[in-house]
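Since the structure comes first, as C-alpha coordinates, the remarks are kept for the end.
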Amino acid sequence: MSIESPPSWPVVDRPPFAPAPRRRWPFALFVAIVLALAGAGAGYVWLNPGLFSQSAGREDGDADSRSNDKAIMTDLLAAQQKTADDLAAIDRAIADQQEQLKAIVSQLANLSSKIDSVRSTASQASVTPAPLTAPSAAMPSASVPPVAPAATARVAPKQKKPPRATSPTGPISVGGAPLNAAPDATVR
(Lines give C-alpha, C1' and ligand atoms only; values in the text may rest on other atoms or scores of the structure.)
Protein backbone atom coordinates (compact mmCIF):
# COMPACT_ATOMS: atom_id res chain seq x y z
CA MET A 1 0.00 0.00 0.00
CA SER A 2 1.47 3.13 -1.06
CA ILE A 3 0.47 6.63 -0.02
CA GLU A 4 1.20 8.14 -3.35
CA SER A 5 -1.68 9.19 -5.48
CA PRO A 6 -2.55 7.05 -8.38
CA PRO A 7 -1.73 8.48 -11.77
CA SER A 8 -5.34 8.11 -12.88
CA TRP A 9 -6.57 11.18 -11.00
CA PRO A 10 -7.34 14.18 -13.16
CA VAL A 11 -5.22 17.32 -12.79
CA VAL A 12 -7.27 20.53 -12.53
CA ASP A 13 -5.80 23.74 -13.87
CA ARG A 14 -6.47 26.97 -12.09
CA PRO A 15 -8.53 29.55 -13.83
CA PRO A 16 -6.72 32.72 -14.84
CA PHE A 17 -6.50 35.51 -12.19
CA ALA A 18 -9.71 37.51 -12.22
CA PRO A 19 -10.40 39.93 -9.37
CA ALA A 20 -13.71 39.66 -7.57
CA PRO A 21 -16.18 42.38 -8.31
CA ARG A 22 -15.80 45.21 -5.76
CA ARG A 23 -18.68 46.21 -3.64
CA ARG A 24 -18.40 49.90 -2.95
CA TRP A 25 -21.85 50.56 -1.55
CA PRO A 26 -21.04 49.61 2.14
CA PHE A 27 -18.08 51.98 2.19
CA ALA A 28 -20.13 54.75 0.64
CA LEU A 29 -22.90 54.16 3.20
CA PHE A 30 -20.38 54.39 6.10
CA VAL A 31 -18.95 57.67 4.76
CA ALA A 32 -22.46 59.12 4.36
CA ILE A 33 -23.41 58.22 7.95
CA VAL A 34 -20.21 59.77 9.35
CA LEU A 35 -20.80 62.97 7.36
CA ALA A 36 -24.42 63.15 8.56
CA LEU A 37 -23.37 62.82 12.21
CA ALA A 38 -20.67 65.46 11.80
CA GLY A 39 -23.19 67.83 10.19
CA ALA A 40 -25.69 67.27 12.99
CA GLY A 41 -23.04 68.02 15.61
CA ALA A 42 -21.98 71.20 13.77
CA GLY A 43 -25.61 72.34 13.60
CA TYR A 44 -26.09 71.77 17.34
CA VAL A 45 -22.98 73.81 18.18
CA TRP A 46 -24.12 76.54 15.74
CA LEU A 47 -27.53 76.77 17.42
CA ASN A 48 -26.04 76.72 20.94
CA PRO A 49 -23.18 79.22 20.87
CA GLY A 50 -22.82 79.32 24.69
CA LEU A 51 -21.87 75.63 24.81
CA PHE A 52 -18.11 76.25 24.74
CA SER A 53 -18.01 79.78 26.14
CA GLN A 54 -19.50 81.17 29.32
CA SER A 55 -22.74 83.02 28.85
CA ALA A 56 -24.31 85.84 30.85
CA GLY A 57 -26.87 83.44 32.33
CA ARG A 58 -24.19 81.31 33.89
CA GLU A 59 -22.54 84.33 35.47
CA ASP A 60 -25.84 85.16 37.20
CA GLY A 61 -26.01 81.57 38.44
CA ASP A 62 -22.42 81.86 39.68
CA ALA A 63 -23.33 85.04 41.57
CA ASP A 64 -26.17 83.18 43.31
CA SER A 65 -23.90 80.30 44.18
CA ARG A 66 -21.23 82.71 45.42
CA SER A 67 -23.69 84.45 47.72
CA ASN A 68 -24.91 81.04 48.88
CA ASP A 69 -21.29 80.05 49.49
CA LYS A 70 -20.77 83.22 51.52
CA ALA A 71 -23.81 82.42 53.66
CA ILE A 72 -22.56 78.89 54.22
CA MET A 73 -19.08 80.18 55.08
CA THR A 74 -20.49 82.62 57.65
CA ASP A 75 -22.51 79.77 59.18
CA LEU A 76 -19.43 77.57 59.29
CA LEU A 77 -17.32 80.33 60.84
CA ALA A 78 -20.00 80.97 63.47
CA ALA A 79 -20.15 77.26 64.29
CA GLN A 80 -16.35 77.14 64.48
CA GLN A 81 -16.30 80.14 66.84
CA LYS A 82 -18.97 78.57 69.07
CA THR A 83 -17.02 75.32 69.17
CA ALA A 84 -13.83 77.20 70.08
CA ASP A 85 -15.68 79.04 72.88
CA ASP A 86 -17.13 75.79 74.21
CA LEU A 87 -13.70 74.19 74.14
CA ALA A 88 -12.18 77.14 76.02
CA ALA A 89 -14.95 76.92 78.66
CA ILE A 90 -14.29 73.20 79.09
CA ASP A 91 -10.56 73.87 79.44
CA ARG A 92 -11.26 76.49 82.13
CA ALA A 93 -13.55 74.10 83.98
CA ILE A 94 -10.91 71.37 83.89
CA ALA A 95 -8.25 73.79 85.17
CA ASP A 96 -10.55 74.85 88.03
CA GLN A 97 -11.24 71.24 88.95
CA GLN A 98 -7.53 70.46 88.94
CA GLU A 99 -6.87 73.40 91.27
CA GLN A 100 -9.62 72.23 93.61
CA LEU A 101 -8.21 68.72 93.53
CA LYS A 102 -4.74 70.03 94.43
CA ALA A 103 -6.21 72.01 97.34
CA ILE A 104 -8.09 68.95 98.60
CA VAL A 105 -4.97 66.79 98.32
CA SER A 106 -2.92 69.34 100.29
CA GLN A 107 -5.63 69.54 102.98
CA LEU A 108 -5.71 65.74 103.14
CA ALA A 109 -1.92 65.64 103.52
CA ASN A 110 -2.10 68.19 106.38
CA LEU A 111 -4.84 66.21 108.13
CA SER A 112 -2.97 62.93 107.79
CA SER A 113 0.20 64.52 109.21
CA LYS A 114 -1.82 65.91 112.16
CA ILE A 115 -3.39 62.48 112.74
CA ASP A 116 0.04 60.85 112.67
CA SER A 117 1.41 63.40 115.16
CA VAL A 118 -1.59 62.89 117.49
CA ARG A 119 -1.17 59.12 117.31
CA SER A 120 2.55 59.32 118.01
CA THR A 121 2.03 61.60 121.04
CA ALA A 122 -0.78 59.35 122.32
CA SER A 123 1.38 56.24 121.99
CA GLN A 124 4.30 57.96 123.72
CA ALA A 125 2.06 59.11 126.57
CA SER A 126 0.67 55.61 127.10
CA VAL A 127 4.14 54.02 127.05
CA THR A 128 5.87 56.40 129.45
CA PRO A 129 4.67 56.11 133.07
CA ALA A 130 3.67 59.18 135.01
CA PRO A 131 6.68 60.73 136.78
CA LEU A 132 6.97 59.93 140.46
CA THR A 133 6.87 62.91 142.74
CA ALA A 134 9.41 63.23 145.48
CA PRO A 135 8.31 63.85 149.07
CA SER A 136 9.76 67.34 148.86
CA ALA A 137 7.40 68.13 146.01
CA ALA A 138 4.48 67.57 148.33
CA MET A 139 4.90 71.07 149.62
CA PRO A 140 3.60 73.53 147.12
CA SER A 141 5.67 76.55 146.44
CA ALA A 142 4.23 79.99 146.74
CA SER A 143 4.63 80.86 143.06
CA VAL A 144 2.92 77.73 141.65
CA PRO A 145 -0.80 77.33 142.30
CA PRO A 146 -1.86 73.95 143.61
CA VAL A 147 -3.09 71.50 140.98
CA ALA A 148 -5.79 69.02 141.85
CA PRO A 149 -4.90 65.41 141.09
CA ALA A 150 -6.82 63.78 138.25
CA ALA A 151 -9.81 61.81 139.34
CA THR A 152 -9.47 58.12 138.74
CA ALA A 153 -12.31 56.44 137.00
CA ARG A 154 -14.06 53.76 138.91
CA VAL A 155 -14.49 50.55 137.02
CA ALA A 156 -17.77 48.85 137.79
CA PRO A 157 -18.06 45.18 136.90
CA LYS A 158 -20.53 44.35 134.19
CA GLN A 159 -23.72 42.85 135.32
CA LYS A 160 -24.37 39.43 134.00
CA LYS A 161 -27.53 38.75 132.09
CA PRO A 162 -29.98 36.46 133.84
CA PRO A 163 -30.03 33.02 132.30
CA ARG A 164 -32.80 32.41 129.81
CA ALA A 165 -35.59 30.21 130.84
CA THR A 166 -35.47 27.00 128.92
CA SER A 167 -38.56 26.46 126.91
CA PRO A 168 -39.76 22.97 126.37
CA THR A 169 -38.91 21.71 122.95
CA GLY A 170 -40.62 18.90 121.19
CA PRO A 171 -39.26 16.42 118.80
CA ILE A 172 -37.09 17.84 116.05
CA SER A 173 -37.76 16.79 112.49
CA VAL A 174 -34.65 16.01 110.50
CA GLY A 175 -34.96 15.69 106.75
CA GLY A 176 -38.64 16.62 106.62
CA ALA A 177 -39.98 13.54 108.38
CA PRO A 178 -43.42 14.05 109.98
CA LEU A 179 -43.60 14.48 113.72
CA ASN A 180 -45.90 12.07 115.53
CA ALA A 181 -45.71 13.29 119.10
CA ALA A 182 -47.07 16.61 120.30
CA PRO A 183 -44.61 18.91 122.12
CA ASP A 184 -46.53 18.78 125.44
CA ALA A 185 -46.42 15.00 125.54
CA THR A 186 -42.63 14.80 125.50
CA VAL A 187 -41.96 17.35 128.25
CA ARG A 188 -42.22 15.83 131.79
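The values are calculated or read from the model by the stated rules, or taken from the named source; none is laboratory data. This structure is a prediction, so every number in the text was calculated from the model and none was measured. These area figures cover heavy atoms from the full protein model, side chains too; ligands, DNA and RNA do not enter into them. Shrake-Rupley method; radii C 1.70, N 1.55, O 1.52, S 1.80 Å.
Find how much the distance from S123 to I172 grows on full extension, using 0.36 nm per residue of separation minus their present alpha carbon separation; answer in nm with one decimal.
Values: separation 49, 0.36 × 49 = 17.64 nm, distance 5.47 nm.
Going from the current span to full extension adds 12.2 nm.
In the complete set of protein chains, residue-level accessible area for S67 is approximately 60 Å², probe 1.4 angstrom.
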